[in-house]
Amino acid sequence: MSAVPDRLLTSDEFIDWAMRQPSGRYELVAGRVVTMAPERTWHNLVKIAVLLALREGVNRAGLPCTIYTDGMTVVVDRQHSREVIAHPRPVTR
């Protein structure tokens, strides 16, 4: 794992940096890279249950959202990028 940058990054710089990391989970908060804790088994099982319920609710309500599993980073603004499980459509592929 590379050292976390000690300077402020933009979301574009963060995504470029994060894509080069061999492992680990990170988010960008106020321009700073934050290392996220590894997931534990129970957390992952709960997340699956929430994801399935969210997908069912979104589909039932006909909402224009895409539901993701893990590792999708969404740029919130120039200084914030977060992992998400739901994001409004359209989604670029």
Exercise for review: Would you point out which residue out of Val76, Val33 is at pLDDT 90 or above and β-branched (Val, Ile, Thr)?
Suggested key: Val33
Practice item. Go through region 40-69 and give me each residue that's surrounded by 11 or more Cβ atoms within 10 Å (Cβ to Cβ), touching a helix residue (DSSP H, G or I) at 6+ places or on another chain (Cβ under 9 Å) and without any contact (Cβ under 8 Å) to a residue 24 or more places away in the chain. Key: Leu63, Ile67, Tyr68
Review point. What single numbered condition from (1) touching a residue at least 40 places away in the same chain (Cβ under 8 Å); (2) more than 17 Å from Glu83 (Cα to Cα); (3) not acidic (Asp, Glu); (4) not in a loop (DSSP other than H, G, I, E, B) fails to hold for Leu8?
Key: (4)
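The values are calculated or read from the model by the stated rules, or taken from the named source; none is laboratory data. All values reported here derive from a predicted model rather than from experimental measurement. All Cβ positions, glycine included, derive from the backbone under ideal geometry; neighbour counts span all protein chains shown.
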